[in-house]
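Heads up: the structure comes next, in structure tokens.
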Amino acid sequence: MTDGRRFSTPEIQEVFSRAAAAQERADRESADLGLTLDELQAAGVEAGLDPVHIAAAARAVASGEPDEGRDVSFGIPMGVHRAATLEFSPSDALWDEIVADVRETFAARGRTERIGEARIWRNGNLRVSIQPAGEGTRLRLRTNRRNDTQGLLTVGAVNAVMAAVFAAMPNGDPDTAPLLAVVAVFSLAFAWIRQSLWVRTRERQMDEVAARVQRLTRAPRPAVSDSHESNSDRASEEPRIQLLDPDRQQEANAPSSRRVRA
């Protein structure tokens, strides 16, 4: 084919149609190749995202576990769960700080246990755990109040069925069916409102715990002192200016030439 060939209108349409299809296939194949973590972080930096957050999110997505969610039954929230990926490997020191945090946040003593590499804290249906996840740590928080709500749901369901039965009876009391229907609606509405308020509170508490733990693992750790260093040696490293009274501190901050003339 020579470059000087002229294409008719139908041929022009066919050329562009084939070119567009080829471009679409090429774009799809390129997208299927995906991006590496380095490429994700580079793209995130251009968008103003911290590479540390991108790495944590990438590990969470790779695990296949959602970072948050609710357990819902008949439209009523029964439980809530949260998860976060931490940058540090699990350690006893990190776990002790997490346990202290959750005990204060949920006002519950609970009990701790260790199963394999997982460290777990439980208080009734409330459960917090950490375990290795690749080069980091996966923090999980989960709770539910299904048993406490099951009674209300049962009452609502039974009264709804009884209301339908009395409404279908030709010689039944005309006031019974509406009364049972009201009880059923009230039971279900009360269960939904109570559970929704409870779930929102737990979600807020879990989000706060996860945020504090993530800040904790990103904070610089203090250097560990040598075993032979005494407490007096460590105390001597504290800024001595803090021990001065205001008058002596002012004198210490004065220019050297002024102190010599005095």
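Summary of computed values
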item	result
Candidate set: region 46-85, residues that are assigned to a helix (DSSP H, G or I) and surrounded by fewer than 16 Cβ atoms within 10 Å (Cβ to Cβ); chosen: the one modelled with the highest pLDDT	46
Subset of region 91-121 [open to solvent by 70 Å² or more (accessible area, probe 1.4 Å), over 19 Å from residue 216 (Cβ atoms) and out of contact with any Pro (no Cβ under 7 Å at 6 or more places or on another chain)]	107, 109, 111, 114, 115
So residue 128, is it modelled with pLDDT of 95 or more and of a type outside the set (S, T, N, Q)	yes
Hits in region 131-156 (condition: of a type outside the set (A, V, I, L, M), over 21 Å from residue 198 (Cβ atoms) and either modelled with pLDDT of 85 or more or open to solvent by less than 70 Å² (accessible area, probe 1.4 Å) (or both))	131, 132, 136, 137, 138
Count of region 157-211 residues which are among the charged types (D, E, K, R) and surrounded by 14 or more Cβ atoms within 10 Å (Cβ to Cβ)	4
The one condition in (1) of a type in the set (A, V, I, L, M, F, W, C); (2) modelled with pLDDT under 90; (3) surrounded by 12 or more Cβ atoms within 10 Å (Cβ to Cβ) that residue 223 fails to fulfil	(3)
Number of the exception - residue 88 against (1) open to solvent by less than 70 Å² (accessible area, probe 1.4 Å); (2) of a type in the set (Phe, Trp, Tyr); (3) touching a residue at least 60 places away in the same chain (Cβ under 8 Å)	(1)
Of residues in region 144-187 being touching a residue at least 60 places away in the same chain (Cβ under 8 Å) and in contact with a helix residue (DSSP H, G or I) (Cβ under 9 Å, 6 or more places away or on another chain), the one farthest from residue 80 (Cα to Cα)	153
Given (1) of a type outside the set (Phe, Trp, Tyr); (2) under 19 Å from residue 144 (Cα atoms); (3) at pLDDT 95 or above, index of the condition residue 100 fails	(2)
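The values are calculated or read from the model by the stated rules, or taken from the named source; none is laboratory data. Keep in mind that what you see is a predicted model, and the values were worked out from it rather than measured. Heads up, the Cβs are rebuilt from the backbone with ideal geometry, glycines too, and the neighbour counts pull from every protein chain shown. When the accessible area is computed, the model is the full protein with side chains, heavy atoms only, and any ligands, DNA or RNA have been set aside. Shrake-Rupley method; radii C 1.70, N 1.55, O 1.52, S 1.80 Å.
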